[in-house]
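Notes for the one structure printed next.
The values are calculated or read from the model by the stated rules, or taken from the named source; none is laboratory data. What you see is a predicted model, and the numbers here were worked out from it, not measured in a lab. As a convention, Cβ positions derive from the backbone with ideal geometry for all residues, glycine included, and neighbour counts pool all protein chains shown.
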């Protein structure tokens, strides 16, 4: 996944550079066209002046060429003066963009802040768009949710590599351990036990326990006989065997009886014992004191046992192995959760409205809090550019249009020259 991301970034960089190269090439072509037109007007002017004596009608061509040359030179000067010194001569009010880089940066940042980064514009435009539904529809597509899950899972190992043992220890010390120290373990255990006993959910546990007792007794009859013989040395072995067999048979029969009868007395006694234990865990001082001591010892053991490093290493290894696996559990879980969320949200209009309102409130807060920082970022970035780089970027974007101005100025100047010559000719 990392290599795919790097390839995408390289492809995007190549596309960006290619787009810039295209703009620069188009600028050069237009600049050459405008310059060639200027040279053509100068040549036309020289030719018309040289041949006018024998061809009086060339006075009209001369008028056109003179005015066109003046217009072309004036527009050339105006265009060049924006980006550099004409002919390398540092004349006043030339190289306007490089010399005013700081002011342009300030003006650009202020312009963006005042005309784009306002709550009315940002929130107004966002409110026209049902972002929650669009996101839900996007996530509902399995391919999209899988792609997003790939990004998340791929980033987890790198994130964990940036976390060291001290970070984990600080996390536990600041967030988890203070909460654990105030935890009433006994009360929580009693509440959990109470939840387990609701609706007789603990009865299957009793059945499992009865089955385990029966299995242990039948599997260890020989051991019971041996222990009984050791304790009763003056009774004959056949009698010991008879007593043990009858004892085991009686216990097994009782187990079967309890298992078959939901209202058996032993079951009621078990229920009463569990309920009493649940109450004692929540109310009895000795249980609560024992719970605090147990929790304190566990925390002390955890902090003294270098478990921060072991926990971090274990998590790193498990996450890295899962991310590298083709059947990643985390990837499948995240993709499934995202896809399920998207499918649910598509038809949940009320939830979409709530998410959109939440999103708009976040956007309003971010704009109000960070609009000045964003405009400042634009200003700082432009100020940080090299002066020639700034000039080059602006010229690449608008230079081609400015060359059209040079071309238009050449023809407009020539037409004005012809009109002036016509006015003079009529006046004569």
Study note, to complete from the structure: Only unsatisfied item for residue 54, checking (1) surrounded by 15 or more Cβ atoms within 10 Å (Cβ to Cβ); (2) over 53 Å from the mean Cα position of the chain (by Cα), is (1)
Practice item. Within the range 85-95, track down each residue that is in a helix (DSSP H, G or I) and either at positive phi or at pLDDT below 80 (or both). Key: 87, 88
Revision key, fill the gap. Those residues of the range 286-336 that are within 30 Å of residue 186 (Cα to Cα) and not in a helix (DSSP H, G or I) come to a total of 2
Point to revise | Any hit, the range 174-187, residues being in contact with a helix residue (DSSP H, G or I) (Cβ under 6 Å, 6 or more places away or on another chain), modelled with pLDDT under 90 and crowded, with 17+ Cβ neighbours inside 10 Å | key: yes
Practice item. Could you grab the pairs with beta carbons closer than 7 Å, sequence gap of 6+ or different chains, first residue in the range 17-28 and under 13 Å from residue 401 (Cα atoms), second one surrounded by 13 or more Cβ atoms within 10 Å (Cβ to Cβ)? Key: 23/396; 24/396; 26/400; 27/395; 27/396; 27/399; 27/400
Point to revise | the range 159-173 residues that are assigned to a helix (DSSP H, G or I), paired with ones that are surrounded by fewer than 12 Cβ atoms within 10 Å (Cβ to Cβ) (beta carbon under 9 Å, 6 or more apart) | key: 165/306
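Within the range 395-407, restricting attention to residues that are in contact (Cβ under 8 Å) with a residue 24 or more places away in the chain and surrounded by fewer than 16 Cβ atoms within 10 Å (Cβ to Cβ), which residue is nearest to residue 115 (Cα to Cα)? Talk me through it step by step, then tell me what you get.
First, the residues of the range 395-407 that are in contact (Cβ under 8 Å) with a residue 24 or more places away in the chain: 395-397, 399-400, 402-407.
From what's left, surrounded by fewer than 16 Cβ atoms within 10 Å (Cβ to Cβ): 397, 404-405.
Details: 397: 21, 404: 29, 405: 28 Å.
Only one residue fits best here, namely 397.
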Revision key, fill the gap. Per the filter on the range 298-333, residues modelled with pLDDT of 85 or more and more than 15 Å from residue 157 (Cα to Cα) are 332, 333
Check your understanding: Which of the residues spanning the range 379-404 are over 16 Å from residue 100 (Cβ atoms) and not assigned by TED's automatic domain parsing to the domain that holds residue 26?
Key -> 380, 381
Check your understanding: Is it true that residue 269 is more than 56 Å from the chain's Cα centre (by Cα) and within 25 Å of residue 190 (Cα to Cα)?
Key -> yes
Revision key, fill the gap. If we keep only residues of the range 175-220 that are without any contact (Cβ under 8 Å) to a residue 24 or more places away in the chain and not in a helix (DSSP H, G or I), then the residue farthest from residue 260 (Cα to Cα) is 182
Exercise for review: Test each condition in (1) in contact (Cβ under 8 Å) with a residue 60 or more places away in the chain; (2) closer than 23 Å to residue 404 by Cβ for residue 86 and report the one that comes out false.
Suggested key: (1)
